[in-house]
Amino acid sequence: MSEARPKQPRPTPIDEALERLLTEPSYAAQTLIVTARLLEMDAAEPLTPLARKHALTIASDAILAKLPDVVRRDSIDRALVAMPDLDTITRGEYALRLRDAAKSL
């Protein structure tokens with residue numbers, strides 16, 4: 001005879017929300033990741049302040065548009081603080097730095 005395994009309780013909505021919170025990147029990290037993806041579209045081009053601002057604006061609109069203002073502001077502030085300084089590098093190289101910065105959020 002095989003032993004019957006005890007039934008596992010179904011996760012509650014709170015359990016599911018906590019699981020997502022612990023496993024998914026924060027909104028700030030998601031914003032940096034999407035910014036990196038946008039910059040990678042022209043990876044060989046030099047990074048300019050305008051290109052970085054444009055990519056960040058598009059990314060934050062895509063990720064944060066439907067969130068409450070306070071969450072949007074906090075996420076953008078956290079993303080800005082984590083962003084590496086501008087340097088004389090390509091957009092692709094900067095995208096790699098953004099992905100690394102996103103890991104800390």
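Details
- On inspection, residue 44 qualifies as within 24 Å of residue 86 (Cα to Cα) and exposed (fewer than 11 other Cβ atoms within 10 Å of the Cβ).
- Extreme residue, surrounded by the fewest Cβ atoms within 10 Å (Cβ to Cβ), among residues of segment 1-33 that are closer than 30 Å to residue 97 by Cα and at pLDDT below 80: 22
- The lone exception for residue 59 - which of (1) modelled with pLDDT under 90; (2) touching a Ser or Thr at 6+ places or on another chain (Cβ under 7 Å) it fails: (1)
Results for (1) of a type outside the set (Phe, Trp, Tyr); (2) free of Cβ contacts under 8 Å to residues at least 60 places away in the same chain; (3) under 26 Å from residue 77 (Cα atoms), shown as yes or no for each residue.
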site	(1), (2), (3)
7	yes, yes, no
28	yes, no, yes
31	yes, yes, yes
38	yes, yes, yes
50	yes, yes, yes
54	yes, yes, yes
60	yes, yes, yes
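- Count - residues of segment 85-103 that are surrounded by fewer than 18 Cβ atoms within 10 Å (Cβ to Cβ) and either more than 17 Å from residue 30 (Cβ to Cβ) or in contact (Cβ under 8 Å) with a residue 24 or more places away in the chain (or both): 11
- Residues of segment 69-101 that turn out to be in contact with a strand residue (DSSP E or B) (Cβ under 9 Å, 6 or more places away or on another chain) and either more than 18 Å from residue 39 (Cα to Cα) or of a type in the set (A, V, I, L, M) (or both), as a count: 1
The values are calculated or read from the model by the stated rules, or taken from the named source; none is laboratory data. This structure is a prediction, so every number in the text was calculated from the model and none was measured. All Cβ positions, glycine included, derive from the backbone under ideal geometry; neighbour counts span all protein chains shown.
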